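Inspection log for the structure reproduced underneath, given as structure tokens.
The values are calculated or read from the model by the stated rules, or taken from the named source; none is laboratory data. Everything quoted here is computed from the prediction, not taken from an experiment. Cβ coordinates were reconstructed from backbone atoms using ideal geometry, including for glycine residues, and neighbour counts include every protein chain displayed.
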Amino acid sequence: MIRVNRKRTVSPATPSEPQQIKLLPLDLQMMFAQYIQQGLLYQIPGSNFSSQVDLLAETLSRMLVKFYPLARRLTTSPVDGGIYILCNDSDVDFIEAMAGELSIADLIVTQLKDGVSVCCTVNHAVADGTSFWNFFNSWAELCRTNETKISANPTYNRYLLDRDGSAVRLGLDPNGQIPRFCPPLLRVKMFHFSAHTIKRLKERANRDSPVTVSSFQALCGHLWQAVTRARGLGPDETATFQLSVNCRPRLIPPLPESYFGNAVQAIFVTSTAGELNRLPLSFPAGLLNSLIGGQRDGAIRESIGKWVKEPVVYKFEELVKNVLMVGSSPRFEIYENDFGWGGPVALRCGTNNHFDGMVSAFPSREGGGSVEFEICLLPPTMNALEIDQDFICPLH
């Protein structure tokens, strides 16, 4: 149903200075994560699709001058054993595919009978979600305006995260393949929460809470309780909530949002299913409030220091049982990505990094603080979640 029309490579428009960028602990922890795969669907931009694809390729070439790590390769240094991004002006793949019998409703890429999907994939050890969307936002802006000068200014200054400058040896086989995680059969579904619903959940979570719970903490607490119910856990079984936190504004001094690389840290909290099922929303939301509130400069650097002493590369198959892991962010600028065809109508992710309990949070197209969750669960759990009226209609 999908036909590749053309596959080519795109090089940076101008060569960069030869250099190496060291992967830091927060990068190295993602070495075994699969590539980020995310894309946006647009209403069909017009009849001259070929010229529009050429414009995408031309502007991508110019973008790779500023976002030069995306057109590079990883290498292990024979000197210090560290892993570096080798800035040698490599190419990136640019693939044009067609699914002419499918519609936007089918959510299949690249050119549909009534729409177009623009998708990117990037090594997670090179970039986190903030870096990914900074690139995507800048590419859309350049394609839309076709200005001669690119406004984006990503920064690659590692000093604020790498004060001692030493390299971390992971002991990986430089010629070996990154192991690919093969999850069991999963169901994946998007769930939408309006700004009104989230506001009411926040009010409920703060009703008898000793701390002030945020909208997102209330929404995540609601999700944690619902998935715990759907999994049918016994009262003494443990349930873990894991969250990826952006460290940029939490460091002293803060990292700029333009910092390109990984500046996220995975944190988690555990409770019993009995507590989550019995206690009000203020309980899980309060746990998340305390967890997130503790992520400040000292805690972040202490965690990095411990990891450097005993480096471990995270693997999905080693996740604890009954985990619910929320990644991405409803703060990303997604529906502002106009390549000159108008804004996108939907966001969808690829199948990489899916496992039982993986959740990606995104802003909803309607805006105003509304949120969408892409939730991956085992089929029986998803079936139970879909009919859970307390989850789907929490205001009734």
Matching option when the condition is crowded, with 21+ Cβ neighbours inside 10 Å, assigned to a loop (DSSP other than H, G, I, E, B) and not assigned by TED's automatic domain parsing to the domain that holds Pro363, among Ala125, Ala152, Ala140: Ala125
Asn153, sole failed condition from (1) touching a strand residue (DSSP E or B) at 6+ places or on another chain (Cβ under 7 Å); (2) in contact (Cβ under 8 Å) with a residue 40 or more places away in the chain; (3) over 22 Å from Gln29 (Cα atoms); (4) of a type outside the set (A, V, I, L, M, F, W, C): (1)
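From the list Leu102, Leu70, Leu64, Leu60, pick out the single residue that is in contact with a Pro (Cβ under 8 Å, 6 or more places away or on another chain) and buried (at least 18 other Cβ atoms within 10 Å of the Cβ).
So the residue among Leu102, Leu70, Leu64, Leu60 that is in contact with a Pro (Cβ under 8 Å, 6 or more places away or on another chain) and buried (at least 18 other Cβ atoms within 10 Å of the Cβ) is Leu64.
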Near pairs, Cβ below 6 angstrom, 6+ apart or cross-chain, from segment 209-238 (outside the structural domain of Ala361 (by TED's automatic domain parsing)) to any residue that is polar (S, T, N, Q) and at pLDDT below 95: none
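Consider Trp307 carefully, then state whether it is assigned by TED's automatic domain parsing to the domain that holds Gly221, crowded, with 18+ Cβ neighbours inside 10 Å and in contact with a helix residue (DSSP H, G or I) (Cβ under 9 Å, 6 or more places away or on another chain).
Numbers: assigned by TED's automatic domain parsing to the domain that holds Gly221: yes; crowded, with 18+ Cβ neighbours inside 10 Å: no; in contact with a helix residue (DSSP H, G or I) (Cβ under 9 Å, 6 or more places away or on another chain): yes.
No; evaluated as a whole, the condition is false for this residue.
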Being more than 16 Å from Ala239 (Cβ to Cβ), of a type in the set (A, V, I, L, M) and touching an Asp or Glu at 6+ places or on another chain (Cβ under 8 Å) is the filter here; which residues of segment 354-396 pass it? Ala361, Ile392
Just one of Asn352, Asn383 is surrounded by fewer than 18 Cβ atoms within 10 Å (Cβ to Cβ), of a type in the set (S, T, N, Q) and closer than 19 Å to Phe32 by Cβ; which is it? Asn352
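Listed here are the residues, each with its yes/no results for (1) touching a helix residue (DSSP H, G or I) at 6+ places or on another chain (Cβ under 9 Å); (2) surrounded by 18 or more Cβ atoms within 10 Å (Cβ to Cβ); (3) part of a helix (DSSP H, G or I).
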| position | (1), (2), (3) |
| --- | --- |
| Val168 | yes, yes, no |
| Leu172 | no, no, no |
| Leu219 | yes, yes, yes |
| Gln225 | yes, yes, yes |
Hey, can you tell me all the residues within segment 49-78 that are closer than 18 Å to Thr110 by Cα, touching an Asp or Glu at 6+ places or on another chain (Cβ under 9 Å) and of a type outside the set (A, V, I, L, M, F, W, C)? Ser50
Thr75 vs (1) buried (at least 18 other Cβ atoms within 10 Å of the Cβ); (2) more than 13 Å from Phe339 (Cα to Cα): all pass except (1)
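Can you report the number of residues in segment 25-45 which are part of a loop (DSSP other than H, G, I, E, B) and either of a type in the set (S, T, N, Q) or in contact with a Lys or Arg (Cβ under 6 Å, 6 or more places away or on another chain) (or both)? Steps first, answer last, please.
Keep residues of segment 25-45 that are part of a loop (DSSP other than H, G, I, E, B), which gives 29-35, 44-45.
Keeping just the survivors that are either of a type in the set (S, T, N, Q) or in contact with a Lys or Arg (Cβ under 6 Å, 6 or more places away or on another chain) (or both) gives 29, 32, 34.
Result for segment 25-45: 3.
So, Phe316, is that one crowded, with 18+ Cβ neighbours inside 10 Å, in contact with a Pro (Cβ under 8 Å, 6 or more places away or on another chain) and modelled with pLDDT under 95 or not? Spell out the reasoning first.
Details: crowded, with 18+ Cβ neighbours inside 10 Å: yes; in contact with a Pro (Cβ under 8 Å, 6 or more places away or on another chain): yes; modelled with pLDDT under 95: yes.
The answer is yes for Phe316.
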Extreme residue, farthest from Pro330 (Cα to Cα), among residues of segment 195-217 that are at pLDDT 95 or above and outside any helix (DSSP H, G or I): Thr212
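Quick one: in segment 158-180, of everything that is among the hydrophobic types (A, V, I, L, M, F, W, C) and modelled with pLDDT of 75 or more, which residue is farthest from Lys315 (Cα to Cα)? Reasoning before the result, please.
First, the residues of segment 158-180 that are among the hydrophobic types (A, V, I, L, M, F, W, C): 160-161, 167-168, 170, 172, 178.
Still in the running and modelled with pLDDT of 75 or more: 160-161, 167-168, 170.
Working: Leu160: 27, Leu161: 23, Ala167: 21, Val168: 18, Leu170: 14 Å.
So the residue we want is Leu160.
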Please enumerate the residues belonging to segment 333-354 that are closer than 23 Å to Val188 by Cα and in contact with a Leu (Cβ under 7 Å, 6 or more places away or on another chain). Ile334, Pro344, Val345, Ala346, Leu347, Arg348, His354
Strands (runs of 3 or more DSSP E) enclosed by segment 285-396 - at least 1 residues per element that are over 30 Å from Asn206 (Cα atoms): 346-349
